[in-house]
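As structure tokens, the structure follows; a few thoughts come after it.
Values in this text are rule-based calculations from the coordinates and carry no lab data. Just so it is clear, the structure is predicted and the values come from calculations on it, not from any experiment. Here the Cβ positions follow ideal geometry from the backbone for every residue, glycine too, while neighbour counts run over all protein chains shown.
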Amino acid sequence: MTAPDMNRLLVVRCPDLLDEDEDGATLRSFVKVIDAVESYCPWVTTVRPGICSLPARGPARYFGGEGSLAQLVTDATSAITPVEVGVADGLFAAVLAAHDGLVVPAGGTPGFLARFPVGILGHPELAELLTRLGIRTLGDFAALPESHVLGRFGADGVICHMVAGGRSGELDELRQPVAGRRIDEQRSGARRNGAAGHGAAVGESGFWGGVSDTDARAARALAAVQDLIGPGSVVTARLQGGRGPAQRARFITWNARESHEDSTLGAPWPGQIPSPAPSIVHPTPLLAELADANGQPVSVSGRGLLTAVPTRLSVEKSPWSVVTAWAGPWPSDERWWSRSRRRSARMQAVTGTAAHLLLIERGRWWVEATYG
Amino acid sequence: MFVESTDRGDGAPLDRKRARESLALLAERTRPVSSSQTRLLPVLPPLISLFPDGSLRRGSTIVVSDQAVAGGSGGNSGGGISLALALLAAASGAGSWCALVGLPGLGAVAAHDIGVDLARLAVVPRPGAAWAEVAAALVEGVDLVVLCPPFPPRPAMARRLVARARERRSILVVVPGRSGWPEPADMHLTVSAMRWDGIGAGEGYLSRRHMTVTATGRRSAVRPRRHHLWMPSATGEVADAAGVIETRP
């Protein structure tokens, strides 16, 4: 199985802007970098502070190859801050390629990844186990049959195995969606202030392709909404790999010229919780309280079990609802290269007709999603 | 600075005109497009029996009422969002543009699984106080508009919006939640008898949800039609649950 997120990606990595400082100067510099890149390619995605990506295929054709595109992006941004630019299949490999300043040819990603040590996956326990078994590189790991990996290393292991073999590019917390959204907001705020008729580009035949009649009508209607309440107000969804419901989709600002570029779309690979997926993923998780029959808070023990039978749920301080059914908890270690290592677990809870996906983190419950 | 070994597929640099032409060719997808001339838009097969024409009629307004729980236990938990998304599925697949206004947290995976073509769905999560103007702008050029009004709609506002949708031959699907919709609609879809399968006291997981949908309407849709559905089914789709016996009134 190959995940649908293995597109040709160009990554721009700004080593000096990876950590946010308090006065926001690094963030502002990074916004300048994104703006500079976007003047060439209209669909730049913020991965996390200091790292952004764009699908390379269309722009590379236009600008005479991926190497030329990488050079162009470097030239456009290096006056702002030192940058590292690279191209590969999928986000994980593209970030590593950027670090090395490489354009990894199409199809060459598994070979490129093979030489890296297993520790680069950011899962120390997995790396330790693999090393004890004599498996030291991503290439060695990728060579293990998938059936062995699931039995021996669990669902996390399978995801890492796909990444190691260059069959997926998405790992938890490789993206920082919250930081990305904050940066996008800062950018759309800046654009609103200096609003220069963005609607002009909409009517013309698409830069990246032709526009049908239906598309043109829809584009005009959506541009009217953007004029009314701001360019960042209209978004479209793209699916990607990830374990939690919030990680499995990404919303990008709607752009008429981009509306044909739906190649990033595909069936997502499975998340941690089995299908069906929740139809509402709360942009800000809702505060929840879970209590047992005696009104005592229910938590998750160090061994990943509920401390008591949950009987009542309250969301955002609302009156208690009776919990009629529940499942889980399913522990999840979000242990990526974010510095804060967080232990968390998810469970499903039904109160009458309503069903929610709950998340516990540092002893506090949240409603992460609702099956609406 | 760039090590570019065997640059497969890219070849020699292209001049801009040729590049533009080849991109235009690439973009010309042979996607079937619903013409604005057709009177009806398709619905998923399990939903056909709810509609007098077996399809959605352009220019009509559909109000979806669900089992939203009183007391604010995470609003929008009543099944109406799933039903509204299901109404978009077949039409978006046939090339119609769709929009969703006023739902700040669309579960995009659920929308995809239920059959919505996400490449044809524009989302305006937070229209704020301008929600009616936003919806009015959208019915100008988008075939199906799902509206979750963030504030209780005033009758005059609702009336203008319904009239605009009829005039522009767009379909307005309103999921009003507890605030209600003050205007008569061409069709009402009401969700009842919701029940989750697969989950117990600490066992299993949510696998599928049963719901009964009752359709009532004006004119040719005047006779109520009831249908039992799995929404979502275990694979996230909409499935017929005709054989299911209701356990609750």
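Worth a mention:
- B:I171 long-range amide H proximity, modeled H, under 5 Å: B:G59, B:L144, B:V145
- Mean per-residue shielding of peptide B:115-121 is 4, counting Cβ atoms of other chains within 10 Å of each Cβ.
- Residue-averaged beta-carbon neighbours from other chains (10 angstrom radius) around A:69-82: 1
- Extended-chain gain in nm, criterion 0.36 nm per residue less alpha-carbon gap, A:D16 and A:D35: 5.1 nm
- Residue ranges A:357-369, A:89-101 sort as A:89-101, A:357-369 when ordered by packing (mean number of other C-beta atoms within 10 Å per residue, highest first).
- For A:S301 and A:E128, a Förster radius of 30 Å and the Cβ-Cβ distance give a FRET efficiency of 0.80, rounded to the nearest 0.05.
- Other residues within the sphere of radius under 10 Å centred on the Cβ of B:S92, judged by their own Cβ, net out at -1 (K and R +1, D and E -1).
- Neighbouring Cβ atoms from other chains, within 10 Å of the Cβ of residues in B:93-100, number 3 on average.
- Nitroxide proxy distance, nm - points 7 Å out along Cα→Cβ at A:D100 and A:H148: 2.5 nm
- Placing pseudo-labels 7 Å out from each Cα toward the beta carbon at A:L287 and A:A155 gives an inter-label distance of 2.9 nm.
- Near the amide H of B:V43, within less than 5 Å, lie the amide hydrogens of B:L56, all on another chain or at least 5 residues away, with H placed in the peptide plane.
- When each of the peptides B:55-61, A:8-14, A:288-294 is scored by how many other beta carbons lie within 10 Å of its residues on average, the order from highest to lowest is A:8-14, B:55-61, A:288-294.
- Theoretical gain in end-to-end length, B:A242 to B:R169 [0.36 nm per residue, Cα-Cα removed]: 23.0 nm
- Span from the region A:126-177 Cα centroid across to the region B:182-234 one, whole angstrom: 42 Å
- The peptide list A:159-170, A:54-65, B:135-146, put in order of mean Cβ contacts within 10 Å with the highest first, becomes B:135-146, A:159-170, A:54-65.
- Amide H contacts under 5 Å for B:L100, placed H, 5+ residues apart: B:A122, B:V123, B:V124, B:V146
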